[in-house]
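Only one structure is covered here, and it is reproduced in the block below.
Nothing in this text is a laboratory measurement; each read-out follows from the coordinates by a stated rule. Owing to the predicted nature of the structure, the values given are computational and were not obtained by experimental measurement. Cβ sites come from the backbone with ideal geometry, for glycine too, and all protein chains shown count toward neighbours.
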Amino acid sequence: FQKHYFPIDYTVQVQYEEVLRPSNITRLRNGTVSEAALRYLWFHVSSQAVLRIREVLPEKHPSWKYTQEL
């Protein structure tokens, strides 16, 4: 049972460049970046986050099917 779940304080290591901060979005929104480009950026960041989670998620974890659908 325990091998299919993560500890409460489990973290996934990411590079500094992989973190999208709200201040960066505000700066882009106030600049010359179009709304469509921001939406694409959000989609890309979200999909990459799901892929990183799936790299460490055990196949028998309850969220496995949900992340597969994403």
Quiz item: Hey, if you put +1 on the Cβ of every Lys and Arg and -1 on every Asp and Glu Cβ in segment 21-69, which of GLN68, ASN30, SER47 ends up farthest toward the positive end of that dipole?
Solution: ASN30
Self-check item: LEU28 paired with HIS44, simple spin-label distance in nm, labels 7 Å along Cα-to-beta-carbon
Solution: 0.7 nm
Practice problem: Sort the following peptides by mean Cβ neighbour count (other Cβ atoms within 10 Å, averaged over residues), highest first: 32-42, 48-58. | Solution: 48-58, 32-42
Practice problem: Summarise the long-distance tail of P(r) for the chain by giving the % of C-alpha pairs beyond 21 Å. | Solution: 41 percent
Quiz item: Which value, in debye to the nearest 20, describes the size of the charge dipole of segment 21-69 about its Cα centre when Lys and Arg Cβ atoms bear +1, Asp and Glu Cβ atoms bear -1, and nothing else is charged?
Solution: 160 debye
